[in-house]
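S.K.: I have a structure here, written as structure tokens, and I will follow up with some questions on it.
The values are calculated or read from the model by the stated rules, or taken from the named source; none is laboratory data. The shown structure was predicted, so the numbers you read here are calculated from the model rather than taken from an experiment. Quick reminder, even Gly has a Cβ in these numbers, built from the backbone with ideal geometry, and neighbours come from all protein chains shown. Remember, those area values only see protein heavy atoms, side chains included, never the ligands or the DNA or RNA. Shrake-Rupley method; radii C 1.70, N 1.55, O 1.52, S 1.80 Å.
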Amino acid sequence: MTDNQPPLAFYNPAAIVFDADVTIALIADMRIRKAMERGEFDNLPGSGKPLDLPKDHDPNWWLNNLMKREGLVLLPPSIQLRKEDAALDEQLDELPNEEAVRREIAEFNERVIRARYQLPAGPPLITMPRETEATVAAWAERRAQRAAEAAREKAQREAAAEGSTRQGLLRSAIERRHRRRAARLAGTPHPGSEPR
């Protein structure tokens, strides 16, 4: 070996590793090329004629079928961001703390800014990034309102339960009094009452 020759490992065909799929594709491609060289694809029926496709043929039929089967919807970024903006407050209300809210707002704003720097694909993008402090303040206010409403509902339930307990005690006392009175009027002693 001389100084200007590369090492033998440079020419080693085993140095390249192929997985099974690549190997199968290479073998299939090689066999197709050899068959073409032998002329096995020449003079096939319909060779050189245009395909007989229906007039309403959609070249993306497989993509449309996939989208229907998987329930996928592809919207232009401007429409998708409008939908995300409309649902953002509800999504923020489900988050547990202010840090998570700020992170979600930052991610939303990043998507809006990224979409603004891209060429428009569809309707114009009118969605603006959210002001973080104002959105967090609105989230905190909604959270406080929900907490106050929950406390008010709890107090109402407790008052209703207490009132029903009072009503039940009052009703049973009234029923006992009516039984005693009915027993006195009938002349029979009421169980639990002492004769006079």
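S.K.: Of all residues in region 64-116, how many are free of Cβ contacts under 8 Å to residues at least 12 places away in the same chain and either under 13 Å from Pro129 (Cα atoms) or assigned to a helix (DSSP H, G or I) (or both)?
M.R.: Residues in region 64-116 being free of Cβ contacts under 8 Å to residues at least 12 places away in the same chain and either under 13 Å from Pro129 (Cα atoms) or assigned to a helix (DSSP H, G or I) (or both): 19 in total.
S.K.: For region 137-187, how many residues meet the condition of being open to solvent by 90 Å² or more (accessible area, probe 1.4 Å) and under 39 Å from the mean Cα position of the chain (by Cα)?
M.R.: Residues that pass the stated criteria total 10.
S.K.: Cβ contacts < 7 Å: first residue at pLDDT 75 or above, restricted to region 169-194; second residue of a type in the set (Ser, Thr, Tyr) and open to solvent by less than 100 Å² (accessible area, probe 1.4 Å), any location; separation 6+ or different chain. Result?
M.R.: Cβ pairs passing all conditions: Arg180/Ser193.
S.K.: Please go through region 25-52 and pick out each residue that is open to solvent by less than 90 Å² (accessible area, probe 1.4 Å) and of a type in the set (S, T, N, Q).
M.R.: Hit for region 25-52 is Ser47, nothing else.
S.K.: Looking at region 53-63, which of its residues are surrounded by 10 or more Cβ atoms within 10 Å (Cβ to Cβ) and part of a helix (DSSP H, G or I)?
M.R.: Hit for region 53-63 is Leu63, nothing else.
S.K.: So, one more: Quick check on region 85-125: of everything there that is of a type in the set (Asp, Glu) and surrounded by 15 or more Cβ atoms within 10 Å (Cβ to Cβ), which residue is nearest to Arg143 (Cα to Cα)?
M.R.: Pass one, region 85-125, residues of a type in the set (Asp, Glu): 85, 89-90, 93-94, 98-99, 104, 107, 110.
Keeping just the survivors that are surrounded by 15 or more Cβ atoms within 10 Å (Cβ to Cβ) gives 85, 104.
Details: Asp85: 19, Glu104: 16 Å.
Among residues in region 85-125 that are of a type in the set (Asp, Glu) and surrounded by 15 or more Cβ atoms within 10 Å (Cβ to Cβ), the one nearest to Arg143 (Cα to Cα) is Glu104.
S.K.: Determine which single condition Leu72 fails, assuming it passes every other condition in (1) open to solvent by 100 Å² or more (accessible area, probe 1.4 Å); (2) at pLDDT below 85.
M.R.: (1)
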